[in-house]
Amino acid sequence: SYKPAVFLGVNFFANPSTRQLQFRLELSAAQSQFKSLYALKVSPHIPFKASFDKMTFSFSPQIIYNFYNAENFKIYGGAGLVLIYDNFSNHYLGSQKQPNSATDIEENDPYYFNKIDDTFILKAGVQIHRNWGIFAQYMTSVLDTKGGYFGMNSTVEQVGINYYFK
């Protein structure tokens, strides 16, 4: 899905005069949405829908290194750990012709959502004119569900714009 996200962070520099190596503490909130329509391959063999909305809150300590470190232009890469809390809503599993009938599926709430997880993050970007930046980041797979009717996991790829306050 393509949904908004907000990141707030604080950078600590190993050497404030060069600012080449930094430690970042970052808080974020992001929305996502899952929706899949398909033909069920098991009984009751009907057109099926699986969907839910997810709001993710996370805390991420990171290490960032500027590979190119000029005054008004920096190229960086980094990695870190992400601690995640997810809030799921609007979940549905059943016939594409809502609402479900009892013959569509025995249980209309088969998701066993995993609300807390952790993962790793890889990040790369450029910083321009001391205050602006463009970044791309990848978070490794996290479990959205744990057991139940079926299991799902997700990965995150994000592209964004940073503004650095001085």
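Could you check the stretch 120-136 and list, in sequence order, the residues that are under 12 Å from Asn66 (Cβ atoms) and either loosely packed, with under 15 Cβ neighbours inside 10 Å or more than 18 Å from the chain's Cα centre (by Cα) (or both)? Scanning the stretch 120-136 gives Val126, Gln127, Gly133.
Going by the conditions given, is Gln158 modelled with pLDDT under 95 and within 12 Å of the chain's Cα centre (by Cα)? For Gln158, the condition - modelled with pLDDT under 95 and within 12 Å of the chain's Cα centre (by Cα) - is met.
Among the numbered conditions (1) open to solvent by 70 Å² or more (accessible area, probe 1.4 Å); (2) of a type in the set (Lys, Arg); (3) touching a Leu at 6+ places or on another chain (Cβ under 8 Å), the only one that Lys3 does not meet is (3).
Selection of first residues in the stretch 150-166 that are in contact (Cβ under 8 Å) with a residue 24 or more places away in the chain and aliphatic (A, V, I, L, M) and of second residues that are in a loop (DSSP other than H, G, I, E, B) and surrounded by 12 or more Cβ atoms within 10 Å (Cβ to Cβ), restricted to Cβ pairs under 9 Å at least 6 apart or on distinct chains, gives the following pairs, ordered by first then second residue: Met152/Tyr111; Met152/Asp144.
Look at the stretch 75-88: where a residue is without any contact (Cβ under 8 Å) to a residue 40 or more places away in the chain and among the polar types (S, T, N, Q) and a partner is assigned to a strand (DSSP E or B) and surrounded by fewer than 20 Cβ atoms within 10 Å (Cβ to Cβ), sitting 6+ places away or on another chain with Cβ atoms under 7 Å, you get Asn87/Met55.
Under the condition of being farther than 18 Å from Val82 by Cβ, polar (S, T, N, Q) and either at pLDDT 90 or above or in contact with a strand residue (DSSP E or B) (Cβ under 6 Å, 6 or more places away or on another chain) (or both), the residues counted in the stretch 1-29 number 3. Of the residues making up the stretch 30-54, those that are open to solvent by 30 Å² or more (accessible area, probe 1.4 Å) and either of a type in the set (S, T, N, Q) or modelled with pLDDT of 95 or more (or both) are Gln31, Ser32, Gln33, Ser36, Ser43. Look at (1) within 23 Å of the chain's Cα centre (by Cα); (2) surrounded by 11 or more Cβ atoms within 10 Å (Cβ to Cβ) and you find that Ser89 fails only one, number (2).
Checked across the stretch 69-85, the condition of being of a type in the set (D, E, K, R), at pLDDT 85 or above and not in a strand (DSSP E or B) holds for at least one residue. Residues that are out of contact with any Ser or Thr (no Cβ under 6 Å at 6 or more places or on another chain), part of a strand (DSSP E or B) and either open to solvent by 50 Å² or more (accessible area, probe 1.4 Å) or charged (D, E, K, R) (or both) within the stretch 137-155 comprise Tyr138, Leu143, listed in sequence order.
The values are calculated or read from the model by the stated rules, or taken from the named source; none is laboratory data. Being a predicted model, the structure only gives us computed values, none of them experimental. As a convention, Cβ positions derive from the backbone with ideal geometry for all residues, glycine included, and neighbour counts pool all protein chains shown. Ligands, DNA and RNA are stripped out before the accessible areas are found, and what is left, the full protein with its side chains, is counted by its heavy atoms. Shrake-Rupley method; radii C 1.70, N 1.55, O 1.52, S 1.80 Å.
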